[in-house]
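Chemist: One structure is given below, represented as structure tokens, and several questions about it will come after.
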Amino acid sequence: MTFKNFIHEFFNGFFNFDAKFWRTLIPLLINPGKVSKDYINGKRQRYTNPFRFYLAVSIIFFLLVGLSKTKERFEELSKNSKTIISKNNGNEKAANPNLIEKQKKDSIIKLVNTELNKSVIPIPEEAKTQIINKIKKDSTKLTIEFNPGDKNTNSDTNTRLKKFYKFHKKNLEISIDDSLDSLKIEKNFINRFLFSRAKLIHSYFKDKESRERFLLQILYYGSVAIFLLLPFFALFLKLFYVRRKFTYVDHLIFVFHEQTVFFMLFTIFTLLEIFGLNPALWIFNILFLLYLFLSMKNFYQQGCLKTFVKFILVNLSFIIVTSMGITLLFIFSFALA
């Protein structure tokens, strides 16, 4: 057995890239509703199993999304490396973190010393020396000593989250426990968790890599949510077409085919992005909605007006349920990120 044959057999069992695959792919794209209609009418041997086809296309889509993000990251790293190499050695001083820290400490010491000398009540030199030495030992805590917080740990979660975010934005190097101490807030599980989420939000705004990683996580969880909610979409169709002689499984087959086309369209969108063509996302959204309308009209064999009304109602119902599911998964992924 050659390596080529081995690879073909390995992927053929799952993706099934044979004549049946192409007999499913081409009419599914160019003739909305036909494949679903043929499949429930007994012409199953001609087409790939809807569930397997859906899985294959969705996996290809996610592989391409990963490839697209890897390409973007590589281009960004290449650009950054060229920028670093082209920098003048004269900037070394500014880039030295130890020197920056020393300059920061010196400026703080100078400021504090000036303010102490302005005091109406004379401060002993020994006390001044102790204060200055404390700053030299750890200047990071100085910026937080003048930020007394609210001791009320029962305050609203959003208020605390905003407070933690603002504090962390000004004091990036301070640990969570030290931050809570400085804010005079109890160090319990809830407050530690909220502060860690505030740090995470800050990283999303400042760090492109963290933001993209989180968006990919949302994309993954969102796709899982849509997959889990497809049976509900089939149920909505069953309710709206209750007088038509379709079984629930018939509706489910139709739903799998529609979602497969959705992934195929956005696979094309991702491919165009990889090749640097920057297509407009709204065009693909409109194409899918138009495709879905034509599929419903051809599959359920009803007029344009009836199909349009049911198209709107079914989509509104699915959008509401999907939004709830994706919101819950968004909160879940944010909590575990």
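The values are calculated or read from the model by the stated rules, or taken from the named source; none is laboratory data. A quick note: this is a predicted structure, and the numbers were derived from the prediction, not measured. Virtual Cβ from ideal backbone geometry, glycine too; neighbours counted across all protein chains shown.
Chemist: State all residues of segment 26-51 that are closer than 20 Å to Ser223 by Cβ and either free of Cβ contacts under 8 Å to residues at least 12 places away in the same chain or surrounded by fewer than 16 Cβ atoms within 10 Å (Cβ to Cβ) (or both); if no residue qualifies, say none.
Modeler: Matches in segment 26-51: Asn49, Phe51.
Chemist: Among the residues of segment 282-305, is any more than 21 Å from Lys238 (Cβ to Cβ), touching a Ser or Thr at 6+ places or on another chain (Cβ under 8 Å) and either at pLDDT 90 or above or buried (at least 17 other Cβ atoms within 10 Å of the Cβ) (or both)?
Modeler: No, segment 282-305 has no match at all.
Chemist: Return the pairs, sorted by first residue and then second, in which the second residue is modelled with pLDDT under 80 and among the basic types (Lys, Arg), the first residue lies in segment 156-181 and is under 13 Å from Phe193 (Cα atoms), the beta carbons are less than 6 Å apart, and the residues are 6+ apart or on different chains.
Modeler: From segment 156-181, the pairs are Ile176/Arg192; Asp177/Lys187; Leu180/Lys187.
Chemist: Can I ask one more? Pick out the one residue from Ser223, Ser295 that is over 30 Å from Leu194 (Cα atoms) and among the small types (Gly, Ala, Ser).
Modeler: Being over 30 Å from Leu194 (Cα atoms) and among the small types (Gly, Ala, Ser) holds for just one of Ser223, Ser295, which is Ser295.
Chemist: Right, here's the next one. Can you name every residue in segment 223-247 that is more than 27 Å from Trp282 (Cα to Cα) and either in contact with an Asp or Glu (Cβ under 7 Å, 6 or more places away or on another chain) or outside any loop (DSSP other than H, G, I, E, B) (or both)?
Modeler: Leu235, Lys238, Leu239, Phe240
Chemist: With the checklist (1) assigned to a helix (DSSP H, G or I); (2) surrounded by fewer than 16 Cβ atoms within 10 Å (Cβ to Cβ); (3) of a type outside the set (A, V, I, L, M, F, W, C) in hand, flag the one item Asn278 doesn't pass.
Modeler: The single condition Asn278 does not satisfy is (1).
Chemist: Moving to a separate point now. Could you tell me whether any residue of segment 285-305 is in a helix (DSSP H, G or I), of a type in the set (S, T, N, Q), closer than 20 Å to Phe62 by Cβ and out of contact with any Pro (no Cβ under 6 Å at 6 or more places or on another chain)?
Modeler: yes
Chemist: Can you name the condition, by its number, that Asp250 falls short on among (1) in a helix (DSSP H, G or I); (2) over 27 Å from the mean Cα position of the chain (by Cα); (3) surrounded by fewer than 16 Cβ atoms within 10 Å (Cβ to Cβ)?
Modeler: Answer for Asp250: the failing condition is (3).
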